[in-house]
Amino acid sequence: MPKLEDIRDRYNAARELCKKRIVVCAGTGCIANGSLKVFEALKNAIALSGLDITVSLKSEDPASHKPHDVYMIGSGCQGFCQVGPLVTIEPNGIMYGHVKPEDAAEIVSRSVVKDEIIDRLLYQDPLTGEAYKGPDEIPFYTKQSRTGLKDCGHVDPQNINEYIAHGGYFAARDAFTNYNAEGICKLYQDSGLRGRGGGGFSTGLKWDFARKEDSDKKYVVCNGDEGDPGAFMDRSILEGNPHSVIEGMLIAARAIDADEGYVYVRMEYPLACSRIREAIKVAEDLGILGDNVFGSGKSFNIQVMEGAGAFVCGEETALLASIEGKRGMPNPKPPFPAQKGLFGKPTVINNVETLALVPVVMQQGPENFRKVGSAKSPGTKTFALTGHVANTGLIEVPFGTTIREIVFEIGGGVLDKDGKINNDAFKAVQIGGPSGGCLTSEHLDLPLDFDSLGSIGAMVGSGGMVVMNDSTCMVETARYFMTFTQHESCGKCVPCREGTRQMLELLEDITQGEGTEETLELLQEVGNTVKLTSLCGLGKTAPNPVLSTMRYFRDEYEAHVKAKYCPTKNCKALTPIYIDPELCRGCTLCKRVCPVGAITGEVKQTHVIDPMICIKCGACIAACKFKAIS
């Protein structure tokens, strides 16, 4: 294979000949909002302007080594999903949001040709109205510490030359040429890198367990089965920087002397699947993957396996069973996969984010990596920030960052029920998805890391973070997550299969107004039992959303069972329908459509609904022309 230095230098020389670089976000979110149409419109506008453009800069292509006015690429997720489609113009450092195809001509004529800034396309602070030129100024970016995501959103995920030009594959080469397996395992133990998939286990220690196993065959598996509602961290990395994951797998393979690897991705991520497949192929073509890796005499090959979307396949033993062609169901441990994993051979399983950080650790060195984050949780963590927050998107912050910093600074504040920023409306954050727990205002200044969250019954999980305002019913939130968990239970063990079903039925009783104080006691008891006795980690954490909301919002549960009332008026069965006497005109229309005769009142007099008779069908609400009924 060619020397990495030659590829890097040739590519950078070719890029230096390009006067401007336009980066259009081509992650799933921006594509859904029309970014590919924006890309084509910009390309056409540049061509019409007479500027010379290239969209394929390859170090080995002689055509790349001539001057170009514009070099244009489609990147992976740039993170700020709230304002996509995003277009960045370099070296000016301009970022435009909510870009439409009809904006293309103006962008080219003003920002590309004349270096002017189009104010209406800049991000504006929703509170102050202040406009920000680009990522170097926008608080959403400046308050982050993007390490694993550093190149995601900046490099062309379909151009291996660009990845190498940013220092890619140098760490893998170093691992294969300057380290033995034991030395790599020690390096990562010293770094303190912990798995970002939820468990937080030491990456170097996991590798060392597999290294010590005597076997003729070993495997490295990338867990890309990201099934948490509201989570899109792994998908975004696979789409935006797939070579970082491949490089992480190469280093892991060297650490345990594996010669084969699998990337397991759910089939609901078609863009991630296609980009990782393409990245593997070009890495093979370049000689980075395959036989005699970096002249070491060792081989490593990678296959992509698409999962069918079962949440339980995020559990490592269920994932391995799925790769083997079996039904995805967990197995008791020990033996652990590092001892007896895929096809009965020692196997290392790391999630996407962990593997993307592996090259970073080797590039920085263990000491420098430990300078960021907390003592027991070094480095950074990505979160998918969603819910009632002004700025939603993909973020990366050092471990130890507080919820207050994430929600109120990076997130731009909490949105109230009217969609306005009002931080007093903050109610809770669900962290860790259906396996996590709810954090409240009393936890706003809690440093987020594996240990601090574990101490209060929550968990980092894969990194989903859903912000909720005071219009959210926490009982309904618990019911939603339990519906998901119960539906996704593989059914192998009784506690999870039957326990989650019983918990869901108890929650439905509560939200339907049929719960009692005994229901709450039974819900707590069943939740604790499921947590203690389930077979796998997913079953053991399934009750977390219920138990945490019962702990911190007990008064809301009690209102549902004692007063038969939903304080947030989200549970239809517990929200009485009411006629506002100031708005009622006595037209009798509501009375005439009520199927059970619950409404009384004479013509031109205020009508009244009897809550004991009302079945809450909503017919009266739909019929009222004066919006007097709610």
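Here are a few things to note about the model shown:
- Relative to the longest principal axis of the Cα atoms of the chain, the long axis of helix 4-16 lies at roughly 70 degrees.
- Out-of-range pairs (alpha-carbon distance over 21 Å; input K3/K43; K591/K625; K572/K604; K376/K427): K3/K43; K572/K604; K376/K427
- Modelled FRET efficiency - R0 51 Å, E602 with A563, Cβ distances, 0.05 increments: 0.95
- Difference of contour (0.36 nm per residue) and Cα-Cα distance, E16 to S471: 158.5 nm
- Where a label projected 7 Å from the Cα of N180 along Cα→Cβ would reach, residues of region 296-316 with amide N under 19 Å: 296-299
- If R0 equals 41 Å, the separation of the Cβ atoms of L205 and N570 corresponds to a calculated FRET efficiency of about 0.35.
- Based on DSSP H segments of at least four residues, each scored -39500 (n - 2.57), the chain has a per-residue ellipticity at 222 nm of -10500 deg cm²/dmol.
- Fewest-first ranking of L523, L187, L127, using other Cβ atoms within 10 Å as the exposure measure: L127, L187, L523
- Angle between the chain longest axis and helix 352-364 axis [Cα atoms, degrees, rounded to 10]: 40 degrees
- Extension gain from Q303 to E106, taking 0.36 nm per residue of separation minus the Cα-Cα distance: 66.5 nm
- Partners of K371 within straight-line reach, counting lysines whose Cα lies under 28 Å from its Cα and excluding those fewer than 8 residues away in the same chain: K143, K150, K186, K206, K381.
- Listed from fewest to most Cβ neighbours within 10 Å, the set L385, L4 follows the order L4, L385.
- Charge sum, other residues only, whose C-beta stays under 11 Å from Y269's C-beta, Lys/Arg counted +1 and Asp/Glu -1: -3
- Label assignment, Cα extents along the principal axes in Å derived from the structure, set (i) 86, 61, 46; (ii) 95, 93, 63; (iii) 89, 64, 41: (iii)
- Relative to one another, the C-alpha centroids of region 539-577 and region 323-394 are positioned 34 Å apart.
- Extension gain, V372 back to K37 (0.36 nm per residue minus Cα-Cα distance, nm): 116.7 nm
- Calculated FRET efficiency, L583 to D610, Cβ-Cβ distance, R0 = 22 Å: about 0.70 to the nearest 0.05.
- For K540, the lysines whose Cα comes closer than 20 Å to its Cα, not counting residues fewer than 8 places off in the same chain, are K333, K492, K531.
- Separation of the S145 and E268 label points, Cα + 7 Å toward Cβ, nm: 3.2 nm
- Once the Cα atoms are used to define both axes, helix 35-48 deviates from the longest principal axis of the chain by about 50 degrees.
The numbers here are math on the coordinates, done by the rules we state, and not lab data. This one's a predicted model, so the numbers in the text were calculated from it and none came from an experiment. Counting neighbours? That spans all protein chains shown, and the Cβs are built from the backbone with ideal geometry, glycine included.
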